[in-house]
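Taking it in order: structure first as structure tokens, then the write-up.
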Amino acid sequence: MIPRHFQITMALVLLAILVSGVVIIRITHKEEAMTQQAAEAAPVAPAVGGKQESIRVLVAYDDDQALRWRPVEVFLPADRGLRAKETLRSVLAQYQQSPSPHPLAKGADIKDVYFLNSETMIVDTTAPFADGHPSGILLEEMTLTSLIETLTANVPGITKIKFLVDGKERETLAGHADLMSFYQTAAVHELAKEFE
Amino acid sequence: MRWSKPRFALAFAALWCSMAYTGATPEKQLTVYSAQASYSLPVPERSGKAYIAANELLTPLGATITHGKGKEWKITVNKAEARLAEGKDKAVIRRQDKALIRSQQVDLGGAVLVEDGRMLVPLDSALTLLGQLLNTAVDFHQPSRRIFIGQSFTRFNAEYKNGDRPSLILTFTQPLRRLDTNHAEERGALFTHTNKTTLIFRKDPVVSDVNKQEFGAGAIQSMVFAEENGSASITVTGNTKLQMIRSEDGKTITLQPEAPPLAAAQEPDAQNTPTAAEGPRRTSEFFVMIDASHGGSDKGASFGGRQVEKDITLRLARELRKELEERGISARLVRDADIDIGLERRAEIANEQRAGIYVALHAGRPGKGVRVYAPMLADPSQAAAGRFLPWESAQSGALSRSRTVAQTVAEELRKKGMAVSILGMPVRPLNNIVPPAIAVELAPEGGDIQSLESPKRQNTVAAAIASGIAQIRGQMGGRP
């Protein structure tokens, strides 16, 4: 005959094991879901090779309404187009950090860049870059200025840039900043001074 | 014996209906809109219940109808069939879905009636029958008796254009059938009265999310959209008779006063000799075109809760108009209602009406105070060729005057104790505007979102902008 107190203890132990098992399974599932979610929101293009370089990127700081240069280490390929693309992505990477000085939507990335000639470049962005961009004149102009200035500082010789969203022209970034025009980098350089 | 009661009831109902029905009452209609066809059907009443002829409803959609056993009818569309029987209030619908055959009994809400070869089913069952047989999205606007099959909607955007000759531009997503004054029942109609113009759309699947828009107290005052008896209508009310202009592609209808006001035909004022960039002035009056940014489906920036940029800018625009008029300066609003207007159209309105100054109003994060933007050409190398200006740099001839306006307005805002920054930026549509143009962006004061809607703060900003414009209107072509 098993004593009654022993039966109760065993029952409690079994119950504790069962509850712990359920909790562990739920935590595991949650982590898997988060990992999958993070993978889906990750940049669309895989990381490229190249040698690690220290470059300067112009970062927008919403709180100060300012743009400031920041050094970053990135792998930059020798190819000019790939170099331009990775340079732009290094700016967006700053905005994807947490906390972010200038939050952009998850999935905001550069799909591709094309040179129309040696001086004119088309930048094709992902849909979340524009669809999820916060609306506001200043916020939108700070994004474009930081991208264009960083690009011209690290990939010389580009004089005109135009932005596409998911391969198509769009009137504005999020209701304000012009995306129809070609941006002349010299004019943007003057604009950037206003944010210093 | 079992069927005698319904037959008797049917005969009585038919007699009663034929006696009660008079030509004075418009016949009840149901209209069906689909990719294949748009058609209207009569909706007879039997025993107080609205009925529809199932064969007339389904045949134009490709259905074949055959007699089955006894009083049974079989309706076949593609891989689906429905079996209905006279006197029964249930139908059996069978649908082949890949290798599966699904069978389902549906309630028709009333007995099936057969009259002169027409199989009448309760109107309420039309949605079920169509949805089950066609296996596509069916939308039934029941009060107005309009059925839309497969998302076959024609939506429209109403754009009110203020000016010497105000107009209401209705832009539809699909070409419309030609409206006619003689064939109202067949296609659609246009009715004009002294102060009311009604467009009736019977065969066009016109729908709208907005039922009423107000435009002020001028020649065009309001627009009402309604659906009734198998058709839709747009009624425009004003203080004069309107004429309708239909575009070649059938997608745009413009309503405007029949006789243009004299001002529209005036010669350019000698004192306001136009520059090559600006072209001739339509009127000698100097006025400020105020553009409350965003509107309609474009909400602009969201500030949490129900605060959105489009509402803040409209209130500020009305306040600015009031402040300008108190200083003796005419002002017009690009939009005075919650309506969609594209950025390019905003620029066209300002350019066509020869505004003296264009002021776009915005509200947005981050920071505090007010930001005043002057235009900046993204690509200054685009130059004017004679009298023609590239659209993307139409502002090129007025850049320096725009900066003057921005600086003067900013100075007035500072005098009111506000934190102000002036920036030159390629904000759309400033670069497409021919006259001097600025944008003013109101930021939350100290992070307080509520401050964006504060009447006191809006009044302060509006008064400062108006004071700035009053100071420099002499330089901008207006009377000092």
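The numbers here are math on the coordinates, done by the rules we state, and not lab data. This structure is a prediction, so every number in the text was calculated from the model and none was measured. Using ideal geometry, Cβ is built from the backbone for each residue, glycine included, and neighbour counts are taken over all protein chains shown.
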**Message:** Please arrange B:LYS88, B:LYS456 by how many other C-beta atoms lie within 10 Å of their C-beta, fewest to most.
**Reply:** B:LYS456, B:LYS88
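Subtracting the Cα-Cα distance from 0.36 nm times the residue separation, let me have the gained length for B:GLU411 to B:VAL210 in nm, one decimal. Let's see the in-between values first.
Values: separation 201, 0.36 × 201 = 72.36 nm, distance 4.10 nm.
Taking 0.36 nm per residue and subtracting the Cα distance, the gain is 68.3 nm.
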**Item:** Relative exposure of A:PHE6, A:PHE182, judged by other C-beta atoms within 10 Å (fewest first)
**Value:** A:PHE6, A:PHE182
**Item:** Cα-based Kirkwood hydrodynamic radius, segment A:77-196, one decimal, Å
**Value:** 14.2 Å
**Inter-label distance for A:ARG70 and B:ASP448, nm, one decimal - labels placed 7 Å from Cα along Cα-to-Cβ** = 3.2 nm
**Prompt:** In a shell of Cβ-Cβ distance under 13 Å around B:THR240, excluding B:THR240 itself, what net charge do Lys and Arg (+1) and Asp and Glu (-1) give?
**Reply:** +2
**Request:** Considering only A:SER54, A:SER181, A:SER20, give the residue with the highest GNM mean-square fluctuation for chain A, with springs between Cα atoms whenever their separation is below 10 Å.
**Result:** A:SER20
**Complete:** For B:LYS88, other-chain or 5+-apart residues with amide H closer than 5 Å (H placed, Pro excluded) are B:VAL112
**Item:** Cβ-derived FRET efficiency at R0 51 Å, B:LYS456 paired with A:LYS30, nearest 0.05
**Value:** 0.55
**Message:** Taking the Cα centroid of segment A:10-28 and of segment B:145-167, what is the distance between the two, rounded to the nearest whole Å?
**Reply:** 62 Å
**Fill in**
At the level of C-alpha centres, the distance separating segment B:412-480 and segment B:295-371, in angstrom, is 11 Å
**Message:** Report for chain A the percent antiparallel among DSSP-assigned beta bridges with both residues inside it, nearest 5.
**Reply:** 75 percent
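Could you work out the local net charge near A:LEU58, counting Lys and Arg as +1, Asp and Glu as -1, over the other residues with Cβ closer than 9 Å to its Cβ?
On the way: positive: A:ARG56, A:ARG68, A:ARG70; negative: A:GLU149.
Residues near A:LEU58 contribute +2 overall.
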**Prompt:** How many angstrom separate the Cα center of segment A:116-169 from the Cα center of segment B:90-142?
**Reply:** 54 Å
**Message:** I'd like the antiparallel share, as a percent to the nearest 5, of DSSP beta bridges with both residues in segment A:120-196.
**Reply:** 40 percent
**Prompt:** Out of residues 5 or more away from B:LEU333 or on other chains, whose amide H comes under 5 Å of its own, with H placed 1.01 Å from N in the peptide plane?
**Reply:** B:ILE290
**Prompt:** Where Lys and Arg each count +1 and Asp and Glu each count -1, what net charge lies around B:ALA126 among other residues with Cβ under 13 Å from its Cβ?
**Reply:** 0
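Percent of Cα-Cα pairs more than 21 Å apart in segment B:49-126, please.
More than 21 Å apart: 21 percent of the Cα pairs in segment B:49-126.
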**Message:** Using the Karplus curve 6.51 cos²θ - 1.76 cosθ + 1.60 with θ = phi - 60°, what ³J(HN,Hα) values do you get for each residue of segment A:135-149, in whole Hz, with x for Gly and Pro?
**Reply:** 7, x, 4, 5, 4, 5, 5, 5, 4, 5, 5, 5, 5, 5, 5
**Prompt:** Using 1/(1 + (r/R0)^6) with R0 = 25 angstrom and r between the beta carbons of A:ILE122 and A:GLU194, what's the FRET efficiency to the nearest 0.05?
**Reply:** 0.45
